[in-house]
Amino acid sequence: MSQNLSRGSDTLVLQRVVQRFKRVFRLEDTVIRFGGDEFVVIAEDLSTPADAEKIAGHVLDAFTAPVSLENIDLVVTASIGIALFPLDARDGSELLRHADSAMYLSKAAGRNQYSFYTQDLGSEALEYVELGSLLSRAIANRELALHYQPQFYLQSGELAGVEALVRWPGAGPERRHPGAFIPFAELSGLIEPLGLWVIDEACRQAAEWQREGFSFGRIAVNLSSRQLNNVQLWRQVRDLLDQHGIDGSRLEFEITESMVVQEGGTVHGNIEALASMGISLAIDDFGTGHSSLVNLKRFPLSRLKIDRSFVDGLGSDPNDEAIAGATIALARALGLEVVAEGVESGEQAAFLRQQGCQVVQGFRYARPLDPDELLQHFAAPVWGGNGVRLALDAS
């Protein structure tokens with residue numbers, strides 16, 4: 001809930017949530033804010049599980065009407081997990097953990113409902129709820145990290161910017177890579193708080209680099225479809241820019257072509273508002289959807305990224321070369337800067353240089369680096385201090 005609101009407004013909504021709680025719970029019930037938008041309710045002296053079910057039903061009923069704030073009606077939903085003592089747990093800690101698991105079952109089932117903890121949960125369901133609980137807390141406690149992959153101007157070798165890529169250092173080896181938890185975040189709805197954390201951290205890092213005098217160009221951040229369809233997105237970004245004291249020109253948001261083609265009023269409004277702040281907008285993974293540059297020219301875009309699936313075949317696949325060459329020519333004709341991602345060979349670099357691609361990104365030049373590594377490699381005197389320049393040979 002709180003991630004859909006501008007800074008400060010979430011507190012007002014939570015206050016109204018508490019007011020509704022007062023009309024639902026008994027005087028003898030204990031209601032504790034557990035963190036963020038999570039609450040724990042201790043209801044004692046219940047005769048049967050049906051009594052707990054009745055309370056949960058009252059909570060859901062309390063949120064059938066939207067919460068009005070700043071002339072906006074906000075739909076607030078509750079995902080409820082129920083665990084019973086001593087049926088489901090031997091102590092309070094286990095009871096809370098099992099209620100938490102049941103809550104994530106409710107979220108997985110579509111939210112705005114309640115679920116009882118059961119001991120016969122399958123291993124897949126248990127893994128799902130455990131991952132949801134761990135990721136939610138990792139976001140709230142800022143236990144994630146951003147690594148940055150440099151982008152270079154192909155002709156001059158100068159640093160053009162960096163792309164922010166999220167990592168989860170505290171997770172196990174099978175979960176710390178984004179390919180393991182990003183799809184889950186999208187499925188569970190955690191992609192919105194995760195995406196907002198990434199923007200916040202990128203702004204914080206940009207402000208720090210500015211203070212240190214490091215010319216990093218701009219930080220590119222991937223936006224999810226959920227974020228772009230959130231009417232509060234542009235306000236959230238504006239507040240973060242103000243909070244960290246940086247200009248919008250220090251950011252770039254990457255969106256996919258499918259997100260733009262299927263746009264509605266909210267998407268279009270966000271795109272226009274973000275561009276008005278000076279934020280660069282890039283189409284990511286171009287060529288994998290069903291749009292055309294003719295459709296995309298209606299939007300205030302600055303960059304187009306050629307998907308790595310087409311870059312892979314450069315130098316060996318005539319079809320990929322034809323697609324990449326035509327895309328570069330059309331994009332430049334429309335005034336868009338072209339970025340090729342996933343560049344790994346000299347043959348690919350040579351083709352892109354010949355076709356007029358301006359910016360390259362990939363393991364041939366640099367892998368994703370943590371902030372300290374990035375400064376060590378590209379801000380040291382050997383690299384020319386603030387005038388970062390890399391010799392980009394095309395052989």
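Here 236, 243, 232, 227 are screened, and the one residue that is free of Cβ contacts under 8 Å to residues at least 40 places away in the same chain and farther than 29 Å from residue 153 by Cα is 227. Of all residues in the range 75-102, those satisfying the criterion of being touching a residue at least 40 places away in the same chain (Cβ under 8 Å) and either assigned to a helix (DSSP H, G or I) or more than 17 Å from residue 39 (Cβ to Cβ) (or both) are 96, 99. In the range 185-260, counting only helices (runs of 4 or more DSSP H) that sit wholly within it, the ones holding 1 or more residues that are at pLDDT below 90 and of a type outside the set (Ser, Thr, Tyr) span 225-228. Out of the range 71-86, which residues are farther than 20 Å from residue 112 by Cβ and loosely packed, with under 11 Cβ neighbours inside 10 Å? Those that are farther than 20 Å from residue 112 by Cβ and loosely packed, with under 11 Cβ neighbours inside 10 Å: 71, 86. Only residues that are surrounded by 14 or more Cβ atoms within 10 Å (Cβ to Cβ), part of a helix (DSSP H, G or I) and not basic (Lys, Arg) were counted in the range 348-381, giving 12. Would a scan of the range 98-112 turn up a residue that is crowded, with 16+ Cβ neighbours inside 10 Å, within 28 Å of the chain's Cα centre (by Cα), under 24 Å from residue 14 (Cα atoms) and of a type in the set (Lys, Arg)? There is at least one residue in the range 98-112 that is crowded, with 16+ Cβ neighbours inside 10 Å, within 28 Å of the chain's Cα centre (by Cα), under 24 Å from residue 14 (Cα atoms) and of a type in the set (Lys, Arg).
Search the range 265-278 for residues that are at positive phi and pair each with any residue that is assigned to a helix (DSSP H, G or I) and not β-branched (Val, Ile, Thr) when their beta-carbon atoms are under 7 Å apart and the residues are at least 6 apart or on different chains. Close Cβ pairs (under 7 Å, with a partner that is assigned to a helix (DSSP H, G or I) and not β-branched (Val, Ile, Thr)) amount to 278/248; 278/249.
Scanning the range 15-56 for residues that are loosely packed, with under 14 Cβ neighbours inside 10 Å and small (Gly, Ala, Ser) returns 35, 47, 50.
The values are calculated or read from the model by the stated rules, or taken from the named source; none is laboratory data. Computed from a prediction, not measured in an experiment: that's the story for all the values here. No Cβ is skipped: glycine too gets one built from the backbone with ideal geometry, and neighbour counts run over all protein chains shown.
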